[in-house]
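Single-structure report; data block below.
The values are calculated or read from the model by the stated rules, or taken from the named source; none is laboratory data. Model, not experiment: these values are computed from the prediction. All Cβ positions, even for glycine, are placed from backbone atoms using ideal geometry, and neighbour counts span all protein chains on display. Areas reflect the complete protein model, heavy atoms only, side chains present, ligands, DNA and RNA absent. Shrake-Rupley method; radii C 1.70, N 1.55, O 1.52, S 1.80 Å.
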Amino acid sequence: MIKHLRSAADLDAATATLILDTAAEMAALSGREVKKLPALRGRTVVNLFYEDSTRTRISFEAAAKRLSADVINFSAKGSSVSKGESLKDTALTLQAMGADAVVIRHSASGAPHRLSNWVDGSVVNAGDGTHEHPTQALLDAYTMRSRLGRLDGLKVAVVGDVLHSRVARSNVLLLSTLGAEVTLVGPPTLIPVDIVAALSKTARVSYDLDSVLPDSDVVMMLRVQTERMQDSYFPSAREYSRRYGLDVTRMRKLPEHAIVMHPGPMNRGMEIAPEVADSPRSTIVEQVANGVSVRMAVLYLLLGGK
Amino acid sequence: MAYLLKGVSILGASPSDLYIADGVVSEKPVEGAEVIDATGLVALPGLVDVHTHLREPGREDAETVETGSRAAALGGYTAVCAMANTSPVADTAGVVEQVWRLGREAGLVDVQPIGAVTVGLAGKQMAELGAMATSAANVRIFSDDGFCVADPKLMRRALEYVKAFDGVIAQHAEEPRLTEGAQMHEGEVSTRLGLTGWPAVAEEAIIARDVLLAEHVGSRLHVCHVSTAGSVEVLRQAKARGVRVTAEVTPHHLLLTDELAAGYDPVFKVNPPLRTRSDVEALRQALLDGVIDVVATDHAPHAVQDKECEWAHARPGMLGLETALPIVLSVFGPQWDLIADRMSIAPARIAGLDGHGGDLTRAGTPANLTLVDPAAQRTVDPAELASRSRNTPYAGMTLPGRIVATFLRGEATVLDGKAVK
């Protein structure tokens, strides 16, 4: 088993599949009256969150607690350099406290890589800057597999601000590893020209959402931040929505079985219409529930739980 | 002090004896001269760096004029040009004279201050360039290095203005609007790592503009740290048209690539960023062709805490003075005439440093020279560097060439590979 989960690229197909299979076992547990496993009793998991993310932090916290680990939440808002203690000093503190795993969310790409130089425990990337969010990709893959029964050969459209999306990067890497065919869709300003070369030779790029939808099993809408408008990535929220938003009319172009995903938080009415988000095709709430099972599996396997 | 360098090979020529007396190369040996067995050693004119950050005044925790001078001497340098981005900025006669005086006191290399082009490097108002030129520091190179003189009108005026005292503007070519938040070269690796890209065009667009401006007003332009294949093409065309432009490349851009960012270790963060293999190849060829005139270190010491952090929070820059010659040797091999020209003669000419880059075979030439053992190898150990900082990207690399001795106006600054003071 790998020691850290810093990037979805850390996972080969066998390891990724093991995590998904383990997550399925963990999910079975949540149907029971007593949801706790003793697997990580006496182990310490630190949630080190430099960015606000209630959703992800709670998900990791629940996962660790269901495995009986001791959980320490360390909220270090703001930049570590400009406001007080450095990441290194924080790492040394966690090291002294005997953290077996550190789950880190940070606004700087690569912060989990840096952290793993300074602590002996496992480092789990819970989202770093515009780099990656590997457990999100795992829970997305888990959701696809449980809804559609397979990942190999699945056609997945990832739509929106790929340039700034850590979710997109991790998904392209993981889904390609697991045999899915990913098409990245969005305005050219938000899709780096070398994304295919950088991440996966099997991925494709399209600037035309309407042409991609009829042949997609999964469409994953990414959150688009309105401040991108000020930076001339697109002219207006309305135009973005018109060209790349998933509304009811567009949703009808999808095959009958296709599902709609969103990592959250959503901009309803911007990249996704409320009717779509709340439709039976939408897996958005399921994704959240699956997040706990997947993160339990990750912590369990990284920490060699028995 | 007089010296007799026995059996030295001047620029790789067959062994001969070199006499140093009264600060110059002497025709005849002098009675009582100290004899140095220079068998197997190559003599080069003392290296000249047109781009060094000595950090004093302001960041003496990262480097001082003295520690930087010592690093320079150990690297084979006899003159360095100190960049203006100190704190306070070297934008007045007072500050450049202070740096110049500190250099004289250290007495290990000639420290030639560079003056800022604009007040506070802010890019708004021209600094008192004339006052710096006529100060004791005798400033001839002006640069806002660290920042680009982005305003085209201000750049034009600066290019014109310094003609009055044969000055030159050294441009840090970086279109600021194209590099907002930039962390590394824009390309495959930045896309994979999720780090904001620094596109090659941001450098090339400014160089293209500036060679046209220099051509228009008939002025001299120097381009700092050229890093892309596209910039080389712009320079090649400009030089072919007769534009008075010179350019430098750093040792790190001749050797390292953006792939090194993969582990997010900020020791590889530098501005302009490390580029791709094909850029490296183009820069090497440009230095061979003379499209790029000189190797300049862009020696940029940083305190530990400014590098032991997240990539995005780290300061850009790497050490260079003590490793420049070994890097160039490793890239080009023992092409001594080329090395002497690109690392001593041409930089001395650009900086107007008479007395450096002279002909060592001629009696009367100021005895600014360095002795290199090309057969020796050295593994770079950051802890052994004379610089106050440790941010070398070459840690653990084994490089050819050892600087055995350096002489500044006939006085040894380095002997047996150790600084004399």
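In this structure, A:ALA39 does not satisfy being open to solvent by less than 30 Å² (accessible area, probe 1.4 Å) and closer than 28 Å to B:GLY181 by Cα. A single member of A:LEU190, A:LEU199, A:LEU173, A:LEU163 is more than 24 Å from A:LEU11 (Cβ to Cβ), of a type in the set (A, V, I, L, M) and within 14 Å of chain B (Cβ to nearest Cβ), and it is A:LEU190. Looking across segment A:96-108, just one residue is part of a loop (DSSP other than H, G, I, E, B), open to solvent by 10 Å² or more (accessible area, probe 1.4 Å) and within 14 Å of chain B (Cβ to nearest Cβ), and that is A:SER107. Residue under question is A:ARG55, and the condition is that it be open to solvent by 20 Å² or more (accessible area, probe 1.4 Å) and of a type in the set (Lys, Arg); does it hold? Yes, satisfied.
If I filter segment B:193-225 down to residues being assigned to a loop (DSSP other than H, G, I, E, B) and closer than 19 Å to B:GLY242 by Cβ, which single residue comes out as nearest to the other protein chains (Cβ to nearest Cβ)? Give the derivation first.
As a first pass, look at segment B:193-225 and keep what is assigned to a loop (DSSP other than H, G, I, E, B): B:194-196, B:199, B:218-220, B:224-225.
If we keep only those that are closer than 19 Å to B:GLY242 by Cβ too, we end up with B:218-220.
On the way: B:GLY218: 37, B:SER219: 34, B:ARG220: 36 Å.
Here the answer is B:SER219.
Only one of the numbered conditions (1) part of a loop (DSSP other than H, G, I, E, B); (2) surrounded by fewer than 24 Cβ atoms within 10 Å (Cβ to Cβ) is not met by B:ALA62, and that is (2). Within segment B:305-314, not a single residue is more than 14 Å from every other protein chain (Cβ to nearest Cβ) and open to solvent by less than 50 Å² (accessible area, probe 1.4 Å). If you go through segment B:14-48 and keep only what is farther than 17 Å from B:GLY401 by Cα, in contact (Cβ under 8 Å) with a residue 60 or more places away in the chain and out of contact with any Pro (no Cβ under 7 Å at 6 or more places or on another chain), you end up with B:LEU18, B:ILE20, B:ALA21, B:ASP22, B:VAL25, B:SER26, B:GLU27, B:ILE36. B:GLN305 - would you say it is part of a helix (DSSP H, G or I), free of Cβ contacts under 8 Å to residues at least 24 places away in the same chain and not charged (D, E, K, R)? Against the criterion (part of a helix (DSSP H, G or I), free of Cβ contacts under 8 Å to residues at least 24 places away in the same chain and not charged (D, E, K, R)), B:GLN305 qualifies.
For segment B:274-284, name all the residues that are hydroxyl-bearing (Ser, Thr, Tyr) and either in a loop (DSSP other than H, G, I, E, B) or crowded, with 21+ Cβ neighbours inside 10 Å (or both).
Within segment B:274-284, just B:THR276 meets the criteria.
To keep it simple, each residue is scored yes or no on (1) away from chain B (no Cβ under 14 Å); (2) part of a loop (DSSP other than H, G, I, E, B).
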residue	(1), (2)
A:GLY31	yes, yes
A:VAL34	yes, yes
A:PHE74	yes, no
A:ALA91	no, no
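Yes or no, residue by residue, for (1) closer than 30 Å to A:LEU175 by Cβ; (2) touching a helix residue (DSSP H, G or I) at 6+ places or on another chain (Cβ under 6 Å):
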residue: A:ALA8; (1), (2): yes, yes
residue: A:THR17; (1), (2): yes, no
residue: A:ARG32; (1), (2): no, no
residue: A:ILE72; (1), (2): no, no
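Tallying residues that are crowded, with 16+ Cβ neighbours inside 10 Å and assigned to a helix (DSSP H, G or I) within segment A:261-306 yields 19.
For segment A:109-131, the tally of residues that are of a type in the set (Asp, Glu) and in contact with a strand residue (DSSP E or B) (Cβ under 6 Å, 6 or more places away or on another chain) stands at 1.
Within segment B:234-264, if we keep just the residues that are touching a residue at least 40 places away in the same chain (Cβ under 8 Å) and either within 14 Å of chain A (Cβ to nearest Cβ) or of a type in the set (Asp, Glu) (or both), the residue that is farthest from B:GLY187 (Cα to Cα) turns out to be B:GLU248.
Taken as a whole, segment B:171-180 holds no residue that is small (Gly, Ala, Ser) and either surrounded by fewer than 24 Cβ atoms within 10 Å (Cβ to Cβ) or in a strand (DSSP E or B) (or both). Pairs linking a residue in segment A:259-272 that is in the same structural domain as A:ARG223 (by TED's automatic domain parsing) to a residue that is assigned to a loop (DSSP other than H, G, I, E, B) and of a type in the set (Ser, Thr, Tyr), with Cβ atoms under 6 Å and 6 or more positions apart or on different chains, are A:ILE259/A:THR283; A:MET261/A:THR283.
Within segment A:117-133, the set of residues being closer than 17 Å to A:SER165 by Cβ and within 12 Å of chain B (Cβ to nearest Cβ) comprises A:ASN125, A:GLY127, A:ASP128, A:GLY129, A:THR130, A:HIS131, A:GLU132, A:HIS133.
Given the condition over 22 Å from the mean Cα position of the chain (by Cα), of a type in the set (Ser, Thr, Tyr) and not in a helix (DSSP H, G or I), answer yes or no: does some residue in segment B:256-273 qualify? Checking segment B:256-273: at least one residue is over 22 Å from the mean Cα position of the chain (by Cα), of a type in the set (Ser, Thr, Tyr) and not in a helix (DSSP H, G or I).
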